[in-house]
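Please read the structure below before turning to the comments.
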Amino acid sequence: MTFNFNQIDQTRRQMLGRVSTGLAGIGLLDLINAGRGIAGQSAPESVHHPAKAKRVLQIFCPGAASHMDLWEHKPMLDKMHGQPMPGEENLVSFQGKNGNLMRSPWPFVAGGNSGKAISSMLPHLSKHVDDIAFLHAMLSKTNTHGPGCVFMNTGHDSEGFPSAGSWVSHALGSENENLPAYVAIPDIRGEPPNGKANWSNGFLPAEHQAIMMSNQMPIRNLERPGSIGVGAERDTRALLDQMNQRFADRHPGQSELQARVAAYSLAAKMQLSAPEVSDLSTESAQTLAMYGADDSNRLKSAYARNCILARRLLERNVRYVNLYCASRASGVDGLLNWDAHKTLKADYERHCPVFDQPTAALLSDLKRSGLLEDTLVLWTTEFGRMPTHQQGTTGRDHNPDGFTCWMMGAGIKPGVSHGATDEFGRRAQSNPTTVWDFYATVLHLLGFDHQRLTWYHNGLDRRLTDVHGDVIHEILA
């Protein structure tokens, strides 16, 4: 068929005017799609295989929590304490020259029925070792906190990439129409290094970034203004519903515009659901005591209440919850997070009691309620620490060459240790594990092949695992 251009009765000016109108329509379509995302209407991916997990809890201890002082016992550090590390006697690391080998300030004790050695500073968590799969040979690309945190959360060491929670939100969508699919719970001490980049949506639609909330910081801008009564707000919503329904009846094919309406409907629902989920007044005194939520230590009680909030979000089928214990560095190393450069013993005797009891109570609660059967629990930090002390201090410098993370819950083989660092804890030696392997395994348990879960961006099919990653089958049940 031949098209006759003479049939077009328009001037050049008219044609250009219509082109500009078309471009405006494209812009409107983009806004519509954004609204669809906010409303949670974007279609989730179909799972690639049967899933073991429905939701994820990721506990993050920023500051590079020391593996050989918490999770991985190194008897050789006790034996060679105070001696140079063989082969690296003049080692210069992140903050300068290192001194001699330094044993952990605390003994390791046998935990659970398996007898897995764990620091005596974690007496409550030691009861859970039989359910945990430890990854003792983790590797990072960087020895700097900001990029390290972002790398551990996104699989990339620069900002601008979607976090793991954003990928899961994109892949699975929401199971609760009244709450976000992805929530980040920052510590009372502040945000982690690189802040919101740790839970950013990156180049994914904006709906997939985490909503920040905590027990001490409810979601902002949800409160009804004091000048507007309950009845007036109810009547206003009823009028809007009536107008929106009339519009929908007149334009039955405008599903995209209706999605924008649903976005505001979700915001209205969250006015009721978000305060309810963060209201701990319904928790029993026994539960509060189990978590340490009424402890005299303000930092511990605040983190404990965030642990309870995390459990309540998971109970309501929020897909991904990031729970932080500690924040970014301050002018004093190790004061606000696990970055113990100068005084390891004093720093960890401040942080471990904050972390131990509330986290253990959260794990116990998930197990007791049956949520652990389809909830995947992750414990992460950005990298490890050196087995030596920094010269002139009693602290440890950064070590990206070997550290520990762990998994627990849905689809995870309980009570196993995968990989190990060398006899001093300096480098990953057996079964080294990358961040990409870690998230390939997470996505596998959620029902996805990490190589097929992609988003086209700047000419590339991007993914959480970049161009790397293998599922760690050894830790799967």
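Go through the range 374-404 and give me each residue that's of a type in the set (D, E, K, R) and in contact with a Lys or Arg (Cβ under 9 Å, 6 or more places away or on another chain). Those that are of a type in the set (D, E, K, R) and in contact with a Lys or Arg (Cβ under 9 Å, 6 or more places away or on another chain): Asp374, Arg385, Arg396, Asp397, Asp401.
Of the residues that sit in the range 226-283 and are outside any helix (DSSP H, G or I) and surrounded by fewer than 12 Cβ atoms within 10 Å (Cβ to Cβ), which one is modelled with the lowest pLDDT? Filtering the range 226-283 for residues that are outside any helix (DSSP H, G or I) and surrounded by fewer than 12 Cβ atoms within 10 Å (Cβ to Cβ), the one modelled with the lowest pLDDT comes out as Gly253. With respect to Asn143, determine if the residue is out of contact with any helix residue (DSSP H, G or I) (no Cβ under 8 Å at 6 or more places or on another chain), under 30 Å from Val416 (Cα atoms) and buried (at least 18 other Cβ atoms within 10 Å of the Cβ). For Asn143, the condition - out of contact with any helix residue (DSSP H, G or I) (no Cβ under 8 Å at 6 or more places or on another chain), under 30 Å from Val416 (Cα atoms) and buried (at least 18 other Cβ atoms within 10 Å of the Cβ) - is met.
Taking the criterion of being of a type outside the set (Phe, Trp, Tyr) and part of a strand (DSSP E or B), the residues of the range 46-99 that qualify are Arg55, Val56, Leu57, Gln58, Ile59, Val92, Ser93, Gly96, Lys97, Asn98, Gly99. State whether the residues of the range 103-115 include one that is closer than 30 Å to Asp470 by Cβ, in contact with a Phe, Trp or Tyr (Cβ under 9 Å, 6 or more places away or on another chain) and not in a loop (DSSP other than H, G, I, E, B). No - not one qualifying residue is present in the range 103-115. Tell me, yes or no, whether the range 300-307 has at least one residue that is assigned to a loop (DSSP other than H, G, I, E, B), touching a helix residue (DSSP H, G or I) at 6+ places or on another chain (Cβ under 7 Å), among the hydrophobic types (A, V, I, L, M, F, W, C) and modelled with pLDDT of 95 or more. Scanning the range 300-307, I find no residue that is assigned to a loop (DSSP other than H, G, I, E, B), touching a helix residue (DSSP H, G or I) at 6+ places or on another chain (Cβ under 7 Å), among the hydrophobic types (A, V, I, L, M, F, W, C) and modelled with pLDDT of 95 or more, so the answer is no. The requirement of being crowded, with 20+ Cβ neighbours inside 10 Å, in a loop (DSSP other than H, G, I, E, B) and assigned by TED's automatic domain parsing to the domain that holds Pro62 is satisfied by Ala326.
The values are calculated or read from the model by the stated rules, or taken from the named source; none is laboratory data. Fair warning: this is a prediction, and the values are worked out from it, not measured in the lab. Cβ sites come from the backbone with ideal geometry, for glycine too, and all protein chains shown count toward neighbours.
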